[in-house]
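Contents: one structure, followed by commentary.
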Amino acid sequence: MPVYVITGTNRGIGLEFVRQLVQDHTNIVVASVRSHTSDVGDLRSVIEGLKNPNAIILDCDISSTNSINRFVVTLAKQKVLANQKVGFLIHNAALNLKPEMNSLNLEPDLVHQIITTNVLRPSLLTSALLTAKLLSSDVRIFHTSSGLGSMVVSLDHKPRQRAGYSVSKAGLNMLAVHQAGDIKAHLPNAVVVLVDPGWVKTGMENMLKILHGLEEANNGEYFQHSGRKVAW
Ligand SMILES: NC(=O)c1ccc[n+]([C@@H]2O[C@H](COP(=O)([O-])OP(=O)(O)OC[C@H]3O[C@@H](n4cnc5c(N)ncnc54)[C@H](OP(=O)(O)O)[C@@H]3O)[C@@H](O)[C@H]2O)c1
């Protein structure tokens with residue numbers, strides 16, 4: 001039974017991933033959220049509505065090192081993971097603070113927060129799962145990037161804003177390229193990719209198609225939700 005771990009699933013694209021994946025009851029779906037004490041009503045409704053016995057909600061605040069480490073420890077103890085490893089790791093959660101920032105009025109504290117949440121902590125989550133030996137040897141690691149992480153797309157992007165977010169997604173792209181190489185020393189059949197989901201939540205089936213169709217030759221690639229490659 002394939003095991004999926006997804007971050008940031010209480011709303012938006014993360015919730016849509018869960019909605020699609022829990023429909024297949026052979027999927028084990030670990031839906032992580034910033035905190036189960038925050039608004040997870042929609043997520044609970046989806047999981048309860050589709051009655052997937054193998055879907056669980058766990059806390060993982062990706063801005064917090066402690067929360068990530070607690071998540072990994074809790075995950076390792078889950079019955080649904082007995083004799084199973086994570087086959088699909090979907091890094092979805094992200095921050096986009098003060099979108100009106102451009103490159104000439106960046107607020108360093110905010111940008112630091114965005115980069116921590118969008119780049120450094122997803123990196124830590126992968127490393128912590130790897131160290132805990134929870135990733136399968138052919139794990140597919142899916143980083144949710146953005147067109148705004150592309151130099152080519154950003155050059156002509158209008159209006160001229162979202163610079164902090166854009167810098168973070170470009171950083172995420174570079175992280176994934178490094179991860180695609182580095183992970184091979186530990187998990188030779190792993191594949192790490194980046195996907196730009198586009199602006200609306202319509203490309204979900206396609207994104208899952210990309211995820212399920214990944215081959216080793218795709219390691220380190222950057223896709224649009226349509227399956228086209230994004231120019232770096
Ligand atoms: N939608 C688009 O048009 C678009 C376009 C390009 C790229 N993307 C990327 O696609 C992904 C999902 O986007 P979206 O539109 O679904 O975003 P969204 O509606 O803003 O949802 C963001 C999700 O991330 C979670 N999150 C934020 N900080 C977190 C933290 N510290 N710990 C755990 N969860 C946290 C949020 O949880 P809370 O509710 O607790 O804040 C929420 O579940 C992101 O990586 C985004 O950059 C989206």
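Read the figures in this text as sums done on the coordinates, not as results from a lab. Owing to the predicted nature of the structure, the values given are computational and were not obtained by experimental measurement. Virtual Cβ from ideal backbone geometry, glycine too; neighbours counted across all protein chains shown.
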* To do: Counting residues in the range 3-224 as N, plug N into 2.2 N^0.38 Å and put the Cα Rg over that result.
  => 0.98
* Please compute the net charge surrounding Asp138, taking Lys and Arg as +1 and Asp and Glu as -1 over other residues with Cβ under 10 Å from its Cβ. => +1
* Asked: For the chain, what's the relative contact order in percent, using C-alpha pairs closer than 8 Å and at least 6 residues apart?
  -> 18 percent
* To do: Could you count how many Lys pairs in the chain have their Cα atoms under 18 Å apart, skipping same-chain pairs fewer than 8 positions apart?
  => 13
* Structure fact -> Kirkwood-based Rg/Rh on the Cα set of the range 36-124 evaluates to 1.06
* Structure fact -> For the pair Lys184 and Glu100, the simple spin-label estimate (label points 7 Å beyond Cα toward Cβ) gives in nm 4.7 nm
* Structure fact -> Summing -39500 (n - 2.57) over every DSSP H run of at least 4 in the chain, dividing by its residue total and rounding to the nearest 500, the 222 nm mean residue ellipticity is -11000 deg cm²/dmol
* Asked: What number comes out for the charge environment of Ile114, summing +1 per Lys or Arg and -1 per Asp or Glu over other residues with Cβ under 14 Å away?
  -> +1
* Asked: What full-extension length gain, to one decimal in nm, is calculated for Glu205 and Ser45 as 0.36 nm per residue of separation minus the Cα-Cα distance?
  -> 55.5 nm
* To do: Take every DSSP beta bridge with both residues inside the chain and express the antiparallel ones as a percent of the total, to the nearest 5.
  => 5 percent
